[in-house]
Structure formats: structure tokens, C-alpha cells
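Undergrad: One structure is given below, represented as C-alpha cells, and several questions about it will come after.
The values are calculated or read from the model by the stated rules, or taken from the named source; none is laboratory data. The model shown is predicted, which means the values in this text are computed figures rather than measured ones. Glycine also receives a Cβ, built like all others from the backbone with ideal geometry; neighbour counts cover every protein chain displayed. When the accessible area is computed, the model is the full protein with side chains, heavy atoms only, and any ligands, DNA or RNA have been set aside. Shrake-Rupley method; radii C 1.70, N 1.55, O 1.52, S 1.80 Å.
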Amino acid sequence: AKPPLSASDWLSGSVRQPDNISSWRPDSARPPELKRRSKREIAATGAVEPVGVARLGEGNPDTSGTVSARTAGLPSNLWGTSDSATLARLVRASNPRLPALRRLERRMLAAQLQPPSTVAGAEGQLFLARVDKLLDMGATGAAKELLQVAGPGDTERFRRLFDIALLSRDETHACEIMDRTPGVAPSFPARIFCLALGGDWAAAALVFHGAEVMDKLDPQMATLLAHYLDDTYADSGAEVVPPQVVTPLELRLHEAIGQPLPSSSLPLPFALADLDDTAGWKAQLDAAERLARAGAIPASQLRRIYLQQRPAASGGVWDRAAAIQSLDAALTARDGDAVARTLPAAYETMVSAGLGVALAEMAGAELGAMQLDGPAGLIALRLALQAGQPQVVTRLPADAPEVDQWLLSFASGEPESAPPAGAGEARAAALFPAFLGPSERDVPRATAELILANKRGEAMLAAIADTDAGLDGDLARAAQGLRSLRALGQQEIARQAAVELILAPAVMAGPGARAQR
């Protein structure tokens, strides 16, 4: 199978400066033929304008973050003596699937930390890797906030801000970013797009024909722009062949000419465009489910989309929408009998579609607090534990297996006793020893060496990868990862990750999964 495209592959390059440009730049005055009259060009009064304040220097972007290290629960010197190139490579390679590990990684990417060791001229390499990883995770909002904190003055940062605006269906804002960013020249396609979007079609056509004459446009992009600028193509019925790697700018241009591209085959962030109200409900459902599987949107958002309309058909996403609507009605009415009837069907259809974690996050706490018995009670217990909410369970189901009783105690922070022996309890037995004794005990050698070398960030990224390997059946490696996380001060993350690994066959399984393990 082909590996998924990373952000560095699909980012448009739409604001990279073309070679041999001698025309208008955003930080220079517009030439007469491109200038658009605006009320903002006329002074409202004769008063002296207030003194402006501008940032003199942006410094090393590797120090930028949207939350403090303390708020993120991380040491400010997490990167220590690691070199930025190594960290950037590890960040881009990281791809945890367990929700607890995803949360930890998100905190690492967003935190304001001391910069790593960096050779002169390579500042910001780790910062761009952090932004690209957030984009690959579908967290465009978090990536945008991180870029805004650092400032858009650098070409690579500006390129990402521009593309995020395009993915967010905020083309006007994208073009405003282009206009007001000093020292960063847009490419010809982006400039043409923004001129036309602003209503200056004559200037857009002028730049387009000039770029064509100078051979500054890729032939495929030239065809796409020609269809965008000349509405006579709309009557011809000619189809524009999409490129192999679609960029955000091309996505918007294809939509503008009435030939939209399906987001299902595009990288995850492109699915965010289908959450817009302009998309049909089926497109919203498909996009929301895809994003929820990756943890890119809150499960509450998926729940709201499920509840928007009545299903128009049966099968697939329609069955899931119907099941969630029935469960939601029962929960809203606080009807325990109705919940007991509707929960098993909702659980089955969601887990079979890889959305068991989303179901836990959208309703696990509510269900766990309802004190249900029977199969529904067992499902509710496991969903509450998967959601990291063991405190809401005030009474176990009457017929709960011993391992589930133990798991509730373990999730609540009581690992004094070993899990019960028996068939099907191998996962708990393999992971439980990682929590015996103080966190400094039995630290894996590789982790200890990295900590002594003041490379805790590298150790944490390695521990995330080791722990996540438990989903592939490597429980011994997962136990080592859990020990490492505890040694690095991530006790709660380690405990929740262990709970998720134990529950994985029931909650994260594929087709045919049942409440019974």
C-alpha cells in the first residue's frame, strides 16, 4: 500500500516566489493597472494617525507554542540537547493510534518549549515539522494557532497559513493574508485566484496571460485557471483532469469551475471542507466519520452531525446515524430501559465501522453513570473506561466479569492486585507489571540513556511508538513503552493507554466486534 501523503507533499507551494519576478509584491505599491479603488484609500479625517507598533524580530520559531510547558504537563527543557533535525524526523514519523497517546503528542506539538540544539541557519526546522504533523492529523485549527503565534513573515510559515485558509473555505481571508504579509511574494496562480476573487477580473486575466507568455505556469494549472477565468468553458462541458497530488488551491479552483473533487481520496485535512453547511448531509457524515476516526474533531461534533436529519436510506452511514439518533433520544429522556435496548445496536454498528472510540467519547460518561445491567451495562462500563471516566461508574453491572471489575479499579488508580487469571486476560497480565513499584524502577535501558543525555523529548516520542505497538500485538514492547512513559512523568497517560490497550479488542476492533471479548 502507498504511504499516506504528508503535509510536505500536498501543501500547494502556492505562495512560493517564482523565478525572475519583477512585478508587484505584497509589500510594494500596486501598479496602476492592478490597483483597485477602495474607501480605505481615502483618509476619513485630517487627524494625525496613531503611532503603530510592529514586531522587530520574530526570533527562533522553535520556541513558539500556544500553551505553556506547565499547562501541557511537560518540562520546559523537554528537547534538551537533541538536535532539531533528529527531532523533526521523529515528529514526522510519529503516528499513534491510541487516543491517550494522541493527546500527549498534541500537547508536545503545541507546547512552548526551550529550543533544541540547532546549527546556524536551521532554526525553525522543528517548528515546521510540528505544524506539518498537526496538519497531517487534521488539526488545522491547532496548526493555524501555532503559525499565528510565530508570525507569517517566513515564506514556509506563510505558505501553510495560506493553505489552511483555503482548506477552511476562507478564501477571502487567505487573500487578505497574502496582501498584508510583507516580503512574501505569491505565486502566479495564487495571485490570479485572489485578483479574480476580489472582483478584478481584468487584472487577473492580465497576469494570467503574462504568466503564460513567460512560461511561468504549469500546463495543467494553466488549463485550470483558463476555465476559472473564462466562463465560456462552462458551456463546453470540457472536464479538467485533476492532478495526481491535489493542493488546497487546486481544490478551490476545481470547486469554482463546477468540477469539485471528492475529499475521500485526498489527505485527511481536505475532509474538513466537507463539514461546511454548503456540503450535503451525506458528505458531512462521511467527512465527520473520517475525521473522528483520526481524532481530528471532537466526538460531540460527529454526534451533532448524526442528529441533523432523518436518514434517507439504510445501510452504512445511514444505519449509524439512525442508531445514534435512537440512543440519543433514550439518553435525553433518561430512560434506562430504552438505553438498554438501543445501546447494543449503536455499539455494534459504531465499533464495526472503527468508531468505537468516538462512541465512547460522545456518550461514555453518560452511559457509565446510568448503572445499567446485562450486556448494555457491560458496554456502558467499557465505554466509560475508554473515555477515561472511571469515576462516573458508581456501581458495576451485576454480572460484570472479574477482569472488568479489576479494570475499573486499575483505571481508578489502584494497581495493588494482579488481574485475574484466565482465558482472554493475557493483555492485562502482560501490561500490568509495568505499573508495579516506583516509576524509576525497571526503566528500559534506551530510555535511561536518553534521559541521562538530556534528550527527554526523543525518549517520549520513542515511548509513544513503543506503547502504540501494543495494538499490533507486541505487548512486551508496549509494556516497555508504558514503563518509559511513567519514568518521564506521564503516569496518567500511561495508565489510560494501558486501559485502552486492554479494551482494544472490544472497542477498537473491526467488523463483527461484540461486547464480549
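Undergrad: Taking each pair of distinct Cα atoms in segment 241-316 once, what is the resulting Kirkwood hydrodynamic radius in Å? Before the final figure, lay out the partial values.
TA: Values: mean 1/r = 0.0749 Å⁻¹.
Taking the inverse mean of 1/r over all distinct Cα pairs, segment 241-316 comes out at 13.3 Å.
Undergrad: Then there's this: List the trypsin sites (Lys or Arg not before Pro) within segment 433-480 that fall in a DSSP loop (any state other than H, G, I, E or B) and whose Cβ has at most 12 other Cβ atoms within 10 Å.
TA: Details: sites: 441, 445, 455, 456, 477; in loops: 441, 455.
Filter output for segment 433-480: 441.
Undergrad: Right, next: Mind running the shape call on segment 406-474? Use the C-alpha gyration tensor, a ≥ b ≥ c as the square roots of the eigenvalues: rounded below 1.5 for a/c, prolate if a/b tops b/c, oblate otherwise. Display every interim value, and only then the final one.
TA: Details: a/c = 2.66, a/b = 1.76, b/c = 1.51.
Verdict is prolate for segment 406-474.
Undergrad: Amide H to amide H, which residues 5 or more places from residue 78 or on other chains are under 5 Å from it, using H placed in the peptide plane?
TA: Amide H neighbours of residue 78, under 5 Å, 5+ apart: 114.
Undergrad: Right, next: Hey, how much of the P(r) for segment 203-284 falls beyond 21 Å, as a percent of Cα pairs? Could you put the intermediate results ahead of the total?
TA: Values: 1233 of 3321 pairs.
Every Cα pair in segment 203-284 considered, those over 21 Å come to 37 percent.
Undergrad: Percent relative contact order of segment 77-212, based on C-alpha pairs within less than 8 angstrom and at least six residues apart? Kindly include the intermediate steps, with their values, before the conclusion.
TA: Details: 107 pairs, mean separation 24.4, N = 136.
Averaging sequence separation for qualifying contacts and normalising by length gives 18 percent for segment 77-212.
Undergrad: What nm value, rounded to one decimal, do you get for the distance between residue 436 and residue 114 when each label is placed 7 Å out toward the C-beta?
TA: It works out to 3.7 nm between the two label points.
Undergrad: Can you tell me the accessible area per residue over segment 252-384, all protein chains present, probe 1.4 angstrom, in square angstrom?
TA: Details: 5020 Å² over 133 residues.
Accessible surface, normalised per residue, equals 38 Å².
Undergrad: Here's something else I'd like to know. At a 1.4 Å probe radius, which order do 89, 157, 106 fall into by accessible area, largest first?
TA: 89, 106, 157
Undergrad: So how do 328, 399 rank on accessible area, 1.4 Å probe, biggest first, that is with the largest at the start? Write down the numbers at each step before the final one.
TA: On the way: 328 30, 399 100 Å².
Greatest to least solvent exposure: 399, 328.
Undergrad: What spacing in nm lies between the two simple spin-label points modelled at residue 391 and residue 231, each 7 Å away from Cα in the Cβ direction?
TA: Those two pseudo-labels are separated by 6.0 nm.
Undergrad: At 0.36 nm per residue, minus the direct Cα-Cα distance, what do residue 77 and residue 345 gain on full extension? Give it in nm, one decimal, please.
TA: Numbers: separation 268, 0.36 × 268 = 96.48 nm, distance 4.82 nm.
Value of the extension gain: 91.7 nm.
Undergrad: Between residue 239 and residue 337, what is the label-to-label distance in nm when each label sits 7 Å out along the Cα-to-Cβ direction?
TA: Simple spin-label model gives 5.6 nm for this pair.
Undergrad: Please list 91, 443 in order of solvent-accessible area, largest first, computed with a 1.4 Å probe with all protein chains present.
TA: Values: 91 5, 443 40 Å².
Descending accessible area places them as 443, 91.
Undergrad: Here's something else I'd like to know. With all protein chains present, calculate the accessible area of residue 79 using a 1.4 Å probe and round the result to the nearest 10 Å².
TA: 10 Å²
Undergrad: Continuing with the same structure: Based on the alpha-carbon gyration tensor of segment 361-415 and its eigenvalue square roots a ≥ b ≥ c, which shape applies: rounded if a/c is under 1.5, prolate if not and a/b is larger than b/c, or oblate?
TA: On the way: a/c = 1.78, a/b = 1.07, b/c = 1.66.
Oblate, because a/c is 1.5 or more while a/b does not exceed b/c.
Undergrad: Let me cross-check residue 209: its accessible surface, 1.4 Å probe, with only protein heavy atoms counted, in Å² to the nearest 10?
TA: 100 Å²
Undergrad: Along the Cα-to-Cβ line of residue 300, 7 Å from the Cα, sits a label point; which residues in segment 352-376 have backbone N less than 16 Å from it?
TA: 358-367
Undergrad: Considering only protein heavy atoms and a probe of 1.4 Å, how much of the accessible area of segment 268-414 is carbon and sulfur, as a whole percent? Before the final figure, lay out each step's value.
TA: Working: 2760 of 5680 Å².
Reported share for carbon and sulfur atoms: 49 percent.
Undergrad: If you take the alpha carbon radius of gyration of segment 281-423 and divide it by 2.2 N^0.38 Å, what ratio comes out, to two decimals? Provide the component values of the computation, followed by the final result.
TA: On the way: Rg = 15.7 Å, N = 143, 2.2 N^0.38 = 14.5 Å.
Segment 281-423 yields a ratio of 1.08.
Undergrad: Assuming a ≥ b ≥ c are the square roots of the Cα gyration tensor eigenvalues, decide whether segment 95-209 counts as rounded (a/c under 1.5), prolate (otherwise, with a/b larger than b/c) or oblate. Don't jump to the answer; show the numbers that get you there.
TA: Details: a/c = 3.13, a/b = 1.85, b/c = 1.69.
Prolate, because a/c is 1.5 or more and a/b exceeds b/c.
Undergrad: Calculate, for residue 179 and residue 452, the FRET efficiency according to 1/(1 + (r/R0)^6) with r their C-beta to C-beta distance and R0 56 Å; round to the nearest 0.05.
TA: 0.65
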